[in-house]
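See below for the structure under consideration.
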Amino acid sequence: MSNSDVKEAQNIHDLRLMAKKRLPKWMFEFVDRGTEDEVALRNNRAAFERIKLKTRVLVDVSKRNQEITLFGKKHGMPLGIAPTGPAGMLYYKGELELARAAKAANIPFTLATGSQTSMEEVAKVVGGTLWFQLYMWSDVRMSHLLVERAKNAGFEALVVTVDGPVGTNREYNVRNGYTVPFRYNRKNTTAVLARPGWLFGVIMKYWLSGGMPTRANYPEGMTEKFTHVSTAERKTKNDSLSWDDLSVLREMWPGKLMVKGILTPADAEKAIAHGADGIIVSNHGGRNFDSSMAPIEALAPIVDAVGNKTTVIVDSGFRRGSDVVKALAIGAKLVLVGRATLWGTTVGGEAGAARAINFYREEISRTLAYLGCRGVDDLSRDLLDFVQTPHLPLTM
Ligand SMILES: Cc1cc2nc3c(=O)[nH]c(=O)nc-3n(C[C@H](O)[C@H](O)[C@H](O)COP(=O)(O)O)c2cc1C
């Protein structure tokens with residue numbers, strides 16, 4: 001797609017629809033959907049709609065600024081890129097495109113363990129504020145190898161994701177024929193043939209430049225072909241991890257350490273006690289556990305418990321600048337976005353990701369103006385109005 005297509009998008013929802021037209025069904029749904037009945041996915045959005053903002057009029061807001069300072073470093077806006085595995089499957093070398101857009105906006109970019117471009121390449125080719133997301137595998141020594149590499153490659157922070165002790169139950173992946181290992185069948189092949197732009201613009205490009213994309217960060221021993229779904233799960237999931245494993249990482253990692261996937265004050269306290277510099281309140285965008293709370297609703301008690309001793313970051317379901325403003329008013333210091341910039345990357349690489357980031361920038365600026373705020377420091381909970389949903393009679 002060209003940059004003019006990117007410019008046609010007027011918001012994140014438009015980018016999503018454009019991405020849908022671009023990707024095979026199994027790829028689009030892998031990015032877009034949740035898990036099981038998708039209650040958590042819907043509730044992440046509905047929770048934002050339950051929160052209203054109080055406007056303040058006749059305040060001079062002509063000079064608005066959304067810069068923030070995070071871990072002692074200035075950033076252009078209160079947004080960061082969440083770790084997501086498949087950017088390089090959505091666009092040729094998609095991680096580099098996304099990282100470039102993040103660098104240009106002066107916001108953090110988090111590279112996922114499972115990405116298709118290696119951490120060394122992202123650091124060398126792009127740079128910027130780089131965080132590395134770590135999964136703790138069943139063989140933790142393999143994960144520790146990644147920690148060493150991230151340190152040597154100059155990543156500033158390690159984001160340890162802890163909200164997936166076992167595999168998820170994404171039934172649509174099975175129905176779509178998107179399984180590990182990927183095996184071509186009539187259904188998923190038909191879906192690919194229906195998207196020649198993706199086939200030639202992404203997959204063939206890899207093919208012509210040396211082979212199919214792989215999980216470039218996986219050390220030897222992990223890259224071996226998974227012959228069975230359960231083998232893959234046995235290797236990449238670890239249901240025996242404990243807080244002691246975080247203490248080990250704290251000793252290994254000299255930079256900032258964040259724990260991603262916290263939803264309660266008690267776990268936030270434990271993360272800090274085991275050496276975390278920050279926590280990421282997240283339900284993985286509603287992709288892992290369908291009965292999980294919406295992070296935006298879990299946020300206030302967590303900020304109350306630990307906000308004065310750690311950096312609280314949040315993600316899951318943020319699609320508008322006003323969503324970001326709500327989280328900051330509650331007390332978060334930064335919001336991460338996953339799908340929004342993936343859709344942008346799908347549609348137009350760096351330009352598409354930049355367009356997504358720019359939607360948030362403009363919408364945050366507009367929301368600040370309506371709230372009579374000149375910057376994010378002016379935000380507080382006084383500006384929030386929590387609307388109670390009226391109880392409906394059981395039979396209507
Ligand atoms: C396609 C996809 C892949 C993801 N992969 C990872 C991952 O490898 N590691 C991780 O910690 N989170 C992963 N996430 C979760 C994101 O980091 C983030 O928590 C989530 O996308 C936020 O919700 P949003 O997509 O509604 O913004 C992934 C999310 C998506 C959509």
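When the stretch 181-208 is filtered for residues that are over 12 Å from Met27 (Cα atoms) and crowded, with 17+ Cβ neighbours inside 10 Å, the ones remaining, listed by number, are Val202, Ile203, Tyr206. In the stretch 266-288, the condition of being within 30 Å of Tyr172 (Cβ to Cβ) and more than 16 Å from the ligand (Cβ to nearest atom) is met by no residue. When the test is whether a residue is farther than 20 Å from Ala369 by Cβ, modelled with pLDDT under 95 and assigned to a helix (DSSP H, G or I), Val6 passes it.
So if I check each of Val324, Val306, which one is closer than 18 Å to Ile68 by Cβ, touching a strand residue (DSSP E or B) at 6+ places or on another chain (Cβ under 8 Å) and not basic (Lys, Arg)? So the residue among Val324, Val306 that is closer than 18 Å to Ile68 by Cβ, touching a strand residue (DSSP E or B) at 6+ places or on another chain (Cβ under 8 Å) and not basic (Lys, Arg) is Val324. Every condition in (1) within 29 Å of Val324 (Cβ to Cβ); (2) more than 15 Å from the ligand (Cβ to nearest atom); (3) surrounded by 17 or more Cβ atoms within 10 Å (Cβ to Cβ) is met by Ile107 except one, and the failing one is (2).
Just checking, does the stretch 239-246 include any residue being within 15 Å of the ligand (Cβ to nearest atom), at pLDDT 90 or above and either charged (D, E, K, R) or out of contact with any strand residue (DSSP E or B) (no Cβ under 8 Å at 6 or more places or on another chain) (or both)? So far as the stretch 239-246 goes, yes, one or more of its residues are within 15 Å of the ligand (Cβ to nearest atom), at pLDDT 90 or above and either charged (D, E, K, R) or out of contact with any strand residue (DSSP E or B) (no Cβ under 8 Å at 6 or more places or on another chain) (or both). In the stretch 59-89, of all residues being of a type in the set (Gly, Ala, Ser), within 16 Å of the ligand (Cβ to nearest atom) and assigned to a loop (DSSP other than H, G, I, E, B), the one that is surrounded by the fewest Cβ atoms within 10 Å (Cβ to Cβ) corresponds to Gly85. Looking only at residues that are among the polar types (S, T, N, Q) and within 13 Å of the ligand (Cβ to nearest atom) in the stretch 116-142, which one is farthest from the chain's Cα centre (by Cα)? Out of the qualifying residues, it is Gln116.
Going through Ser322, Ser292, Ser316 one at a time, which residue ends up being in contact (Cβ under 8 Å) with a residue 40 or more places away in the chain and within 23 Å of Thr55 (Cβ to Cβ)?
Answer to the check: Ser322.
Do we find that Arg56 is away from the ligand (no atom under 14 Å from the Cβ), surrounded by fewer than 20 Cβ atoms within 10 Å (Cβ to Cβ) and not aliphatic (A, V, I, L, M) in this structure? Answer is yes for this residue.
Of all residues being in contact with a strand residue (DSSP E or B) (Cβ under 6 Å, 6 or more places away or on another chain) and under 16 Å from Gly261 (Cβ atoms) in the stretch 335-345, which is nearest to the ligand (Cβ to nearest atom)? Just the residue, please.
Leu336
For the stretch 4-24, the criterion of being surrounded by fewer than 17 Cβ atoms within 10 Å (Cβ to Cβ), in contact (Cβ under 8 Å) with a residue 12 or more places away in the chain and in contact with a strand residue (DSSP E or B) (Cβ under 6 Å, 6 or more places away or on another chain) is met by none of the residues. Going by what's in this entry, would Thr113 be described as within 14 Å of the ligand (Cβ to nearest atom), out of contact with any strand residue (DSSP E or B) (no Cβ under 7 Å at 6 or more places or on another chain) and touching a residue at least 24 places away in the same chain (Cβ under 8 Å)? Answer is no for this residue. Pairing residues of the stretch 371-392 that are hydroxyl-bearing (Ser, Thr, Tyr) with residues that are at pLDDT below 95, at Cβ distances under 7 Å and at least 6 apart in sequence or on separate chains, gives Thr389/Arg50. Filtered by the rule that a residue be farther than 17 Å from Val324 by Cβ and more than 17 Å from the chain's Cα centre (by Cα), the stretch 350-364 gives a lone residue, Ala351. Restricting the stretch 295-313 to residues that are within 14 Å of the ligand (Cβ to nearest atom) and among the β-branched types (Val, Ile, Thr), the residue that is nearest to Ile51 (Cα to Cα) is Ile296. When every residue of the stretch 3-22 is checked against the conditions, at least one turns out to be under 17 Å from Asn173 (Cα atoms), away from the ligand (no atom under 13 Å from the Cβ) and not aromatic (Phe, Trp, Tyr).
The values are calculated or read from the model by the stated rules, or taken from the named source; none is laboratory data. None of these values were measured; they are calculated from a predicted model. Cβ sites come from the backbone with ideal geometry, for glycine too, and all protein chains shown count toward neighbours.
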